[in-house]
Amino acid sequence: MQRKKNIQIEFQEAIEEATERFGDHEDMNEARVVRWLEQFPDEDLPLAIETIRAIKYVNGLNIRTLTKQLFQMVTAELSSRGYRRAAFVAVGNVGSGSGTVARVLRDLVRATTYKMLSMLEVSQLSDGAVDAVIFIDDFSGTGHTLEGWWENVEPIVRPINAAVFVGLLVLNDRARERIEAFADVMAVEELDSTADVFEPACTKFTNAEKATLLAHCRNTRCGSKFEKGFGQCGLLLAFKHGCPNNSLPILWYRGNGWRPLFNRRAI
């Protein structure tokens, strides 16, 4: 109990800043931030605070803004190619990141000749019914999820003879090549090697600090597949509605006694 109080006193300003910045994430409060910090030894608490400050957090307002920018980007590209009949399709369900983007897009699409469709509705389209299909999602870290999605839906989409696009709010650059194997990619923000904590290009942390962070990631006992984030992406990224597993597991992993800063999936 005394250590908890000491952490609250010593890092009060940083804790308050984090609580405010991540405030629209489900169950986020000061107590949660403190509980997360308690898992680090005293000598690593300053690094934990710097890690919090380095997180790219996409809140609800950011999502709306990025979605509008994505819509403008996509519609400009469609117009340049002469595509007037296009369908936007979320790659996940209502509670997923793509569902969050779709809710914002629905209002934007309403005043245009474009449509928001489900995959069931896409499967009912006739050949030539639309010029293009744009699969939308909030984020892609490695491209594996979208690649798997495409493998499932390609037999449905190909007979329509429409151009295929993928529209993302945030794209990790190592996912681009995998996605471009089946679609044109448009993203509002693209993360490069500087976003990977463990890459030399990332200068937010020293080599010693990177080694310490990796040790803490391993301490979560998430397994080698995730200790640098899925796909070895090494990201510090979280959204209002969840935290990608491409981010460091100290942010999202829950289990073996480890308490995450963010929910893997949130409301």
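Here, each number is a calculation from the coordinates, and none is a lab measurement. Everything numeric in this text was worked out from a predicted model, so none of it was measured. We place every Cβ from the backbone using ideal geometry, glycine too, and count neighbours over all the protein chains shown.
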* Which value at 222 nm does the chain reach when only helices count, each DSSP H run of 4 or more adding -39,500 (n - 2.57), with the total divided by all residues and rounded to the nearest 500 deg cm²/dmol? -> -12500 deg cm²/dmol
* Structure fact -> Looking only at aspartates and glutamates whose Cα falls under 16 Å of LYS56's and that sit 8 or more positions away or on another chain, we get GLU17, GLU20, ASP24, ASP138, ASP173, GLU189, GLU190, ASP192, ASP196
* Pairs of Cα atoms under 8 Å, at least six residues apart: use those to get the relative contact order of the chain, whole percent. => 18
* Asked: Once the Cα gyration tensor of segment 72-114 is diagonalised, what are the square roots of 5 times its eigenvalues, in whole Å and ordered largest first, as equivalent ellipsoid semi-axes?
  -> 21, 10, 8
* Taking the simple approach of a point 7 Å from Cα along Cα-to-Cβ for both GLU43 and ASP27, what is their distance in nm? -> 3.2
* In degrees, nearest ten, helix 97-110 long axis to first principal axis of the chain (Cα) -> 40
* To do: Provide VAL166, VAL74 in ascending order of the number of other Cβ atoms located within 10 Å of each residue's Cβ, fewest first.
  => VAL74, VAL166
